[in-house]
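The values are calculated or read from the model by the stated rules, or taken from the named source; none is laboratory data. None of these values were measured; they are calculated from a predicted model. Here the Cβ is made from the backbone with ideal geometry for all residues, glycine too, and neighbour counts use every protein chain on show. In case anyone asks, the SASA skips ligands and DNA or RNA and just uses the protein heavy atoms, side chains included. Shrake-Rupley method; radii C 1.70, N 1.55, O 1.52, S 1.80 Å.
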Amino acid sequence: MLTIALSKGKLLEPTLKLLRRAGYASPGLSAESRRLVYACPGRDMTLLIVRPSDVPTYVEYGAADAGIVGKDVLLEQDCDVYEPLDLRFGACRISVAALRGRESRTRLSSKIRVATKYPNIAERYFNRMGIPVEIIKLYGSIELAPVVGLADRIVDLVETGKTLKAHDLTEVEVIARSTARLIVNRASLKMKHEALTEFISRLRSQAPSNSQTMRSGRSRRLC
Ligand code: PRP
């Protein structure tokens, strides 16, 4: 029996499509469903629906044998898991952004305020650049922070760029690129080698090619 942790939210729909193509259908499971545990009939597999930032924890501690999660989450968290497969969907970038016209650092005080859901990625980046920062951890709607004067910069995901544009923000620098990844618990890979190898190879054969992306764009105004 394999247990797989899936990220709820934007990655769920393309993840379910990939699983269906790979032969792991789970009736009743859709992006709208409220249940958190599903069986895959005929497959000896259980699917768990968890917050993206919790997927590495489920996998690292062995509550799930494998998981599907964005590289952004893996870069933010220091987790001890295998990452055997880039699934190539959910393509986006982790970028620094600022209000249009405020991109230049000379207009800012020596220590800049950075609002982000990714405090570790942001801190590492600005340390590397030698720029002193105060990191303000937020849990969502990051683009609002510069608009209301809470921060000079944000570090956030950019997919289509529409949310930045809707708030008169401009991308200053791309820190990293992200796509959905398959991660695997180290002990499970030994104990359930055959089942996991088959799962990985079925996903590999169905993962979209480099040029395709399966996330849909949309624009959201926050104020
Ligand atoms: C993500 C991200 C940006 C937006 C980028 O937010 O944090 O806000 O998507 O997408 P775009 O470039 O296509 O406009 P999400 O929808 O996950 O919501 P959140 O801000 O509440 O985390």
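What is the percent carbon and sulfur in the accessible area of the chain, measuring with a 1.4 Å probe over the protein chains and ignoring ligands?
48 percent
Regarding segment 92-177, what's the average projected area of the Cα-atom convex hull, expressed in nm²?
Values: hull surface 19.7 nm².
Result: a mean projected hull area of 4.9 nm².
Can you give me the P(r) profile for segment 158-198? Cα pairs, bins 10 angstrom wide beginning at 0, each as a whole percent.
Calculated over all Cα pairs of segment 158-198, the distribution is 21, 28, 16, 18, 17, 1 percent.
Pop a pseudo-label 7 angstrom from the Cα along the beta-carbon direction at both Lys162 and Tyr139 and give the gap in nm to one decimal.
Taking the simple label geometry, Lys162 and Tyr139 are separated by 2.6 nm.
Give me the count of lysine pairs in the chain whose alpha carbons sit under 23 angstrom apart, restricted to pairs 8 or more positions apart or on different chains.
Going through the chain pair by pair, I get 20.
Rounded to the nearest whole Å³, what is the per residue volume of the convex hull around the Cα atoms of the chain?
That works out to 122 Å³ per residue.
Looking at the chain only, what percent of DSSP beta bridges run antiparallel? Nearest 5 please.
60 percent
Roughly how many Å² is the accessible area per residue of the chain, as a whole number, for a 1.4 Å probe?
On a per-residue basis, 51 Å².
Once the piece of chain linking Ile112 and Asp80 is laid out straight, how much longer is it, given 0.36 nm per residue of separation minus the C-alpha distance between them? All intermediate terms of the calculation are to be shown ahead of the outcome.
On the way: separation 32, 0.36 × 32 = 11.52 nm, distance 3.22 nm.
Here the segment from Ile112 to Asp80 would lengthen by 8.3 nm.
Taking the Cα centroid of segment 75-118 and of segment 42-63, what is the distance between the two, rounded to the nearest whole Å?
25 Å
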